[in-house]
1. Select from the stretch A:69-97 the residues that are surrounded by fewer than 14 Cβ atoms within 10 Å (Cβ to Cβ) and either on the phi < 0 side of the Ramachandran plot or within 16 Å of DNA strand C (Cβ to nearest atom) (or both) and list them in ascending order.
2. Please verify whether the stretch B:52-66 includes one or more residues that are more than 20 Å from the chain's Cα centre (by Cα), more than 28 Å from residue A:127 (Cα to Cα), part of a loop (DSSP other than H, G, I, E, B) and modelled with pLDDT under 95.
3. Somewhere in the stretch B:99-111, is a residue under 14 Å from residue B:47 (Cβ atoms) and either at pLDDT below 95 or assigned to a loop (DSSP other than H, G, I, E, B) (or both)?
4. Would you be able to say whether some residue in the stretch A:56-65 is out of contact with any strand residue (DSSP E or B) (no Cβ under 6 Å at 6 or more places or on another chain), crowded, with 16+ Cβ neighbours inside 10 Å and away from every other protein chain (no Cβ under 14 Å)?
5. Starting from residues that are away from every other protein chain (no Cβ under 14 Å) and either touching a strand residue (DSSP E or B) at 6+ places or on another chain (Cβ under 6 Å) or free of Cβ contacts under 8 Å to residues at least 12 places away in the same chain (or both), keep the ones in the stretch B:66-78 and report whichever is farthest from DNA strand D (Cβ to nearest atom).
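The values are calculated or read from the model by the stated rules, or taken from the named source; none is laboratory data. Predicted, not measured: the structure shown is a model, and the values here were computed from it. Here Cβ is always computed from backbone atoms with ideal geometry, including for glycine, and neighbour counts include all displayed protein chains.
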DNA sequence: TATTGTTATACTCTATAACTATA
DNA sequence: TATAGTTATAGAGTATAACAATA
């Protein structure tokens, strides 16, 4: 099931008529696969990737208003309501009224939230380890470095989250 | 807007509290971004990535039945109906009744379909070129080779298409 | 009765707009 | 009146189930 095992009638050649699938296609293929795997790994913990993104960003910006954090991760006010609701239901995040401006909430991680974040990070590390187990240490480093350069070139910082692009059309 | 320009109050340190975003996260980030870019590049041509996937697979399997091709790319019969409808409306694909079994259709690329496929491949090449413009030739090759190994390790062949996984749960 | 392709239906996701309470 | 957050509504996309024609 690794590559060309299917007995296909009469393929033109070994490769697909001379068309090379390059790193761009591979990035999409692998990105989709890895995202799906990560989602599955998170399932036992009762959260989804977007929750992880939110917890991560929140850990760096505790106390800021709901919509302010929404802007950071590229979610509109409506989406934030649902996401924060879900995290609050799980006891991972807390809304605290801002006494100075009673319209807004400050968002805070609970202890359970901090705990969850640590566990998810561990899951992510393990997942990545399994993913790169066939690579040598230097190869992993080189891969990471190359991907970092591509990401930086494309204006992606560690801040941005996969699913939600800051500005969309 | 490239990296750390936002004047944030008081980040704990330069990096995110010691948590390293590794290549797994980068793959998801980049895969999502590149897929979106590709979608935008295809817009002027009037098609979407899934159409490209279909055309590509069809070029290697002309004449086979609709559902057989659907299985190849991981789409169920219902999805195939809509996808083939869209491609037929655009004049890129043709359904031909199978005289031997009048229940099934054989799918074929039209000349316009072949033409479109060539143009989309050109777009993909250009896109990839722009994406990797900051890398040297050897770096690009190394990146591609490493990604290929990861993909192979994960059971991804050139056959599989990003969005649709062959077996899902 | 089983299979190919199609149509219908329900469910989820996302995006937009309308609403409330504070300012 | 403007803003933070919330709720309501509509559209797109996806998945499942029922259906018609042919074998």
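1. Narrowing the stretch A:69-97 to residues surrounded by fewer than 14 Cβ atoms within 10 Å (Cβ to Cβ): A:76-78, A:82, A:85, A:89, A:91, A:96-97.
The answer is A:76, A:77, A:78, A:82, A:85, A:89, A:96, A:97.
2. There is no residue in the stretch B:52-66 that is more than 20 Å from the chain's Cα centre (by Cα), more than 28 Å from residue A:127 (Cα to Cα), part of a loop (DSSP other than H, G, I, E, B) and modelled with pLDDT under 95.
3. The first filter runs over the stretch B:99-111 and keeps only residues under 14 Å from residue B:47 (Cβ atoms), leaving B:109-110.
Still in the list and also either at pLDDT below 95 or assigned to a loop (DSSP other than H, G, I, E, B) (or both): B:110.
Yes, the stretch B:99-111 has at least one match.
4. No - not one qualifying residue is present in the stretch A:56-65.
5. Step one: list which residues in the stretch B:66-78 are away from every other protein chain (no Cβ under 14 Å), which gives B:66-67, B:70, B:75-78.
After this cut, where a residue has to be either touching a strand residue (DSSP E or B) at 6+ places or on another chain (Cβ under 6 Å) or free of Cβ contacts under 8 Å to residues at least 12 places away in the same chain (or both) as well, the list is B:66, B:70, B:76-78.
On the way: B:66: 13, B:70: 11, B:76: 5, B:77: 7, B:78: 4 Å.
Among those residues, the one meeting the criterion is B:66.
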